[in-house]
Amino acid sequence: MVKLAATRLIALHKNKGKSVAACLKSRTDYAQNPDKTQQGELVSSYECSPLTVDEEFMLSKRQYELATGRRQKNDVIAYQIRQSFKPGEITAEEANKVGYELAMRFTKGKYAFIVATHTDREHIHNHIIYNSTALDSTRKFRDFLLSGLAVQRLSDLICLEHQLSVIEIKPYRERQKRTLYPPKESNRDKLCSVIDGILLNEKPLDFEIFLQKLEQEGYEVKRGKHTSVKGARQKRFIRFRTLGAGYSEDEIKAVIAGEAEHRPHQKQPPKEQPFHLLVDIQAKLAEGKGEGYARWAKRYNLKEMSKTLIFLQENKIGSIEEMQERVNATTAQYHELGDSIKAAEQRMAEIAVLRAHIVNYARTRPVYDAYRKAGYSKKFLEEHREQITLHKAAKAAFDEANLKKFPKVKELDAEYAALLSQKKAAYPAYRKARDKMQELKKAQKNVELFFTEGKDTKEKLQTR
């Protein structure tokens, strides 16, 4: 979030593969976006029209070439000043006037410009685009040393004149390193929040009224076997059952009927890694890193090694032998679960192929019998080549598998469903075993690297 008035001067360059006119149009069109400028009400200009600003900028550039005989050497086509204000401190109309005054005083009225005020974010901000060619078409704007600082100071002066806050100069260590924005909310999280509000506050009488209230919130509802909804600016529909526990169609109906209590969705924060791999300092120095990097890496390794030791204590690992045993056990468990999942997937693929062959064989058998009765006629083959080819392929697959009796399709479907359930049930344990194995191997590698570096340092001291 922007705390105080802030500015930035940006040189706009010509994009590779695009003409100067196309680049100017794309930049000015973005600045004048009707959705961001209240349908163009917050756009002002000087010595040009907002509707034809790109064409007028191009005209001045052509006149510059005719008047001076010089062609543009660099790819700077215009300049942009971004000016942001503290949320709630200024109106959009006043911000546009402040931006216009800043552009006029900075360019001294010698360059055409537009000022577009955007209100699509929490902080109101200006996009000021001025031409790199002067109005008299005799000179170009010279982006002098520390021009950005000059824009900042002029903006601060104008803001103080309008009784607006400015950025206080702070020591480098006290400055905020990065602009912090509130975390983005996904479409699914938004939908869950809307459902929570409807179920807890409005208490609909039945599921149809619940869907109507979703439509009132701006969601498009697709009724059917699996009801799904789509919000504004969403590309795909979202089924209720994919939102997680407590949000399936049956669970929502149970809450509406008073048979269950609704528990709002709780977003889980991302799990942080307990520790990271140590830096191999000697290898980095061999690559060309300097002593400054080595000092940082030593501090980093100490911090990560302390986290690694805490991890080993929490898992009650007190020796290298115990660690190796634990690594071997988790690795074996990981591979065992992985092999079972792969076996299930392989069998499911075999069932799918076998089922397709059985269906094709049964569907094409009358055609093949007729083909055989016709004495394997070439004319008949040409007329029914696709069905006969499928029948032969199915028969070859049965012979290769040495099947004398075909299994029933229902039995194959039941086996496929059982294997699918088994595979889904095994995945959580598989992921848990994988994460545990990776953590233990990472801890083992950290311990080995730490003691190797310590041994090398001790040998160097003894040599001296």
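Pairs are defined by a Cβ separation below 8 Å, a sequence spacing of at least 6 or placement on different chains, a first member in region 234-255 that is within 13 Å of ILE195 (Cα to Cα), and a second member that is aliphatic (A, V, I, L, M) and surrounded by fewer than 14 Cβ atoms within 10 Å (Cβ to Cβ); the pairs so defined are GLU251/ALA245. Across region 348-385, the number of residues qualifying as part of a helix (DSSP H, G or I) and surrounded by 15 or more Cβ atoms within 10 Å (Cβ to Cβ) comes to 13. Of all the listed residues (SER26, SER60), the sole one being touching a strand residue (DSSP E or B) at 6+ places or on another chain (Cβ under 6 Å), part of a helix (DSSP H, G or I) and modelled with pLDDT under 95 is SER60. Return yes or no: is LYS423 assigned to a helix (DSSP H, G or I), of a type in the set (Lys, Arg) and surrounded by 11 or more Cβ atoms within 10 Å (Cβ to Cβ)? Here the answer is yes, as LYS423 does meet what is asked.
Go through region 104-158 and give me each residue that's part of a loop (DSSP other than H, G, I, E, B), surrounded by 20 or more Cβ atoms within 10 Å (Cβ to Cβ) and over 39 Å from the mean Cα position of the chain (by Cα).
First, the residues of region 104-158 that are part of a loop (DSSP other than H, G, I, E, B): 108-112, 119-124, 132, 134-139, 141-146.
Narrowing further to those that are surrounded by 20 or more Cβ atoms within 10 Å (Cβ to Cβ): 111-112, 123-124, 132.
Selection gives TYR111 alone.
Taken together, the residues in region 64-103 that are surrounded by 15 or more Cβ atoms within 10 Å (Cβ to Cβ) and assigned to a helix (DSSP H, G or I) amount to 12.
Of the residues making up region 189-231, just one is under 16 Å from GLY244 (Cβ atoms), buried (at least 17 other Cβ atoms within 10 Å of the Cβ) and either in contact with a Ser or Thr (Cβ under 9 Å, 6 or more places away or on another chain) or among the acidic types (Asp, Glu) (or both), namely SER228.
Does LEU199 satisfy the condition of being out of contact with any Pro (no Cβ under 8 Å at 6 or more places or on another chain), part of a loop (DSSP other than H, G, I, E, B) and modelled with pLDDT under 95? The answer is no for LEU199. Across region 394-421, the number of residues qualifying as out of contact with any helix residue (DSSP H, G or I) (no Cβ under 8 Å at 6 or more places or on another chain) and either within 19 Å of GLU345 (Cβ to Cβ) or among the polar types (S, T, N, Q) (or both) comes to 5. Scan region 381-419 residue by residue and report those that are more than 45 Å from the chain's Cα centre (by Cα), over 11 Å from HIS357 (Cα atoms) and of a type in the set (Gly, Ala, Ser). Residue satisfying the conditions is ALA401 alone. For the residues ILE81, ILE90, the requirement of being in contact with a Leu (Cβ under 7 Å, 6 or more places away or on another chain), of a type in the set (Val, Ile, Thr) and over 15 Å from ARG121 (Cα atoms) singles out ILE81. ILE209: at pLDDT 85 or above, under 23 Å from GLU261 (Cα atoms), in a helix (DSSP H, G or I) and touching a Leu at 6+ places or on another chain (Cβ under 8 Å), yes or no? It is false that ILE209 is at pLDDT 85 or above, under 23 Å from GLU261 (Cα atoms), in a helix (DSSP H, G or I) and touching a Leu at 6+ places or on another chain (Cβ under 8 Å).
The values are calculated or read from the model by the stated rules, or taken from the named source; none is laboratory data. All values derive from a computational prediction rather than experimental measurement. All Cβ positions, glycine included, derive from the backbone under ideal geometry; neighbour counts span all protein chains shown.
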